[in-house]
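Q: I'd like to ask you about the structure that follows.
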Amino acid sequence: AYEDGDALFVANAGHLSEPVTKTDFQKKTVGGLFGHFSGTNNAGKVDPFNQNRGTGVLGRLRDVLKRKGHKESAINVDSTSFVLMGQKGQSSGPIGFSANGIPA
């Protein structure tokens, strides 16, 4: 646990798929570390080796919840985000609404 000195938390460092040094990080990192787009993309996927293509971390979490018998759902506003997408045929797809609200 962190309190015991066994864990380290580093904010805003990007996603690393293996340990790196200052001299080899460009060769060993997947997806880029320092750009906003790549950071957002990597944070949503948490899948540096593309083992779950087209899915996001929240969608895969919803898949697990459904397999364990829990009800799950997701709502997105104004666009479909891959972060909410799970494996095909597992959890339900996200419900989308326009940023302008629901028509009367």
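Q: With all protein chains present, how much of the accessible area of the chain (probe radius 1.4 Å) comes from carbon and sulfur, to the nearest whole percent?
A: On the way: 4560 of 8090 Å².
The value for the chain is 56 percent carbon and sulfur by accessible area.
Q: May I ask you to derive the FRET efficiency for Thr40 and Ser92 from their Cβ-Cβ distance with R0 = 25 Å, giving the value to the nearest 0.05? Provide the component values of the computation, followed by the final result.
A: Working: r = 24 Å, r/R0 = 0.97.
It comes out at approximately 0.55.
Q: Do the alpha carbons of any pairs in Lys28/Lys66; Lys45/Lys88; Lys45/Lys68 sit beyond 27 Å of each other, and which pairs?
A: Distance filter (> 27 Å) returns Lys28/Lys66.
Q: Per residue, how much accessible area does the chain show when a 1.4 Å probe rolls over the protein heavy atoms, in square angstrom?
A: Accessible area per residue: 78 Å².
Q: Still on this structure, I have one more. Can you give the convex hull volume of the alpha carbon atoms of region 10-99 per residue, in Å³? Can you show the working numbers first?
A: On the way: hull volume 11.1 nm³, N = 90.
Expressed per residue, the convex hull around the Cα atoms of region 10-99 is 123 Å³.
Q: May I ask you to compute the full-extension gain from Asn100 to Val30, defined as 0.36 nm times their residue separation minus their alpha-carbon distance, rounded to one decimal in nm?
A: Details: separation 70, 0.36 × 70 = 25.20 nm, distance 3.73 nm.
Fully extending the segment from Asn100 to Val30 adds 21.5 nm.
Q: Provide the solvent-accessible area of Ser73, counting protein heavy atoms only and rolling a 1.4 Å probe, rounded to the nearest 10 Å².
A: In the full protein context, Ser73 sits at about 90 Å².
Q: Taking H placed 1.01 Å from N in the peptide plane, check which residues at least 5 places from Asn76 or on another chain put their amide H under 5 Å from its amide H.
A: Excluding prolines and chain starts, which carry no amide H, the hits are Ile95, Gly96, Phe97.
Q: Who wins for biggest fluctuation among Gly35, Gly86, Gly59 in a Gaussian network model of the chain, springs between alpha carbons below 10 Å?
A: Top of the fluctuation ranking is Gly35.
Q: What is the calculated FRET efficiency for Asn76 to Arg53, with r their C-beta to C-beta distance and R₀ = 22 Å, to the nearest 0.05?
A: Numbers: r = 20 Å, r/R0 = 0.89.
With R0 = 22 Å, the Cβ-Cβ based efficiency is 0.65.
Q: Mind checking which of His36, Asn76, Ser92 is farthest towards the positive end of the chain's charge dipole, using Cβ charges of +1 (Lys, Arg) and -1 (Asp, Glu) about the Cα centre?
A: Ser92
Q: A further question on this structure: Each residue of region 59-64 in turn: what ³J(HN,Hα) in whole Hz from Karplus with 6.51, -1.76, 1.60 and θ = phi - 60°, glycine and Pro shown as x?
A: Coupling constants for region 59-64: x, 5, 5, 4, 4, 5 Hz.
Q: Moving on. How long are the semi-axes of the equivalent ellipsoid of region 33-76, taking √(5λ) for every eigenvalue λ of the Cα gyration tensor, in whole Å from largest down? Provide the component values of the computation, followed by the final result.
A: On the way: eigenvalues 117, 28, 9 Å².
Semi-axes (√(5λ), whole Å): 24, 12, 7.
The values are calculated or read from the model by the stated rules, or taken from the named source; none is laboratory data. Since the model is a prediction, treat every value here as computed from it, not as a measurement. For neighbour counting, all protein chains shown are included, and Cβ atoms are generated from backbone atoms with ideal geometry for every residue, glycine included. We work out accessible area using only protein heavy atoms, side chains counted, and drop any ligands, DNA or RNA first. Shrake-Rupley method; radii C 1.70, N 1.55, O 1.52, S 1.80 Å.
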